[in-house]
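Take a look at the structure below.
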Amino acid sequence: MANYHGPVCRFCRREGAKLYLKGEKCYTKCTLDRRAFAPGQHGLARRRKTSDYGLQLRAKQKARRLYGLLEGQFRNYFDAAEREPGVTGLNLLRHLEMRLDNVVYRLGLGSSRKQSRQLVSHRHFEVNGRVVNIPSFKVKVGDQVKVRDSGSDGVIEIALDASKSRVVPSWLSFNEEEKSGKVLSLPDRGEMETGVEEHLIVEFYSR
């Protein structure tokens, strides 16, 4: 599956919020702190009032960029969430949170979702004792995610040190000594990304 490999600081500027796409660098050298306006030739121009469609589009783009997905991937998750019983917006966020790369990030084993995705792709993690190198792999309640003894400890140790300010959500348990985590339950809305307006995403795709 293709991934975006271009500059990402412009995404934070476009959304007007820190998306922490570069991990700890976002805390110390954030472009948004110096250039708090949208990228492009007309970034400083006065903007007209945003329409309902514009608000919905920005909410969708912000969530998609937070989790590092292309449009096709994101739409597939929405379609799956819409088919399931329950609240579509909550179902969508749970699909995104239960991705293996996101679980690795939530456990603090990667400094950003992008780095976590790369570590998974390079076969540094196993799920229930089996190596998994697919970042979009959907973990389930009861699954155990563990770092392999594969020479990645240096990167992961740096990520662990840098992520000590982040709190591991209660739907996950983490054993720092073994560098492993377990999925205890499905995440509640309060334990997922606070900046995502899922109701606007549902409205966008329901037009």
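The values are calculated or read from the model by the stated rules, or taken from the named source; none is laboratory data. Values in this document were obtained by computation on a predicted structure and should not be read as measured data. Because the Cβ atoms are built from the backbone with ideal geometry, glycine has one as well, and the counts that use them run over all protein chains shown.
A compact table of results
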{"item": "Yes/no for Leu21 being within 11 Å of the chain's Cα centre (by Cα), assigned to a loop (DSSP other than H, G, I, E, B) and at pLDDT 55 or above", "result": "yes"}
{"item": "Residues being in a helix (DSSP H, G or I), of a type in the set (D, E, K, R) and farther than 15 Å from Glu203 by Cβ - total across the range 65-91", "result": "4"}
{"item": "Cross-chain or 6+ apart pairs with Cβ under 6 Å, the range 161-189 first and over 20 Å from Gly86 (Cβ atoms), then assigned to a loop (DSSP other than H, G, I, E, B) and among the polar types (S, T, N, Q)", "result": "Ala162/Ser111"}
{"item": "Filter result for Val155 (closer than 20 Å to Glu176 by Cβ and crowded, with 20+ Cβ neighbours inside 10 Å)", "result": "no"}
{"item": "Verdict on Ser112 being among the small types (Gly, Ala, Ser), touching a residue at least 40 places away in the same chain (Cβ under 8 Å) and within 22 Å of Gly190 (Cα to Cα)", "result": "yes"}
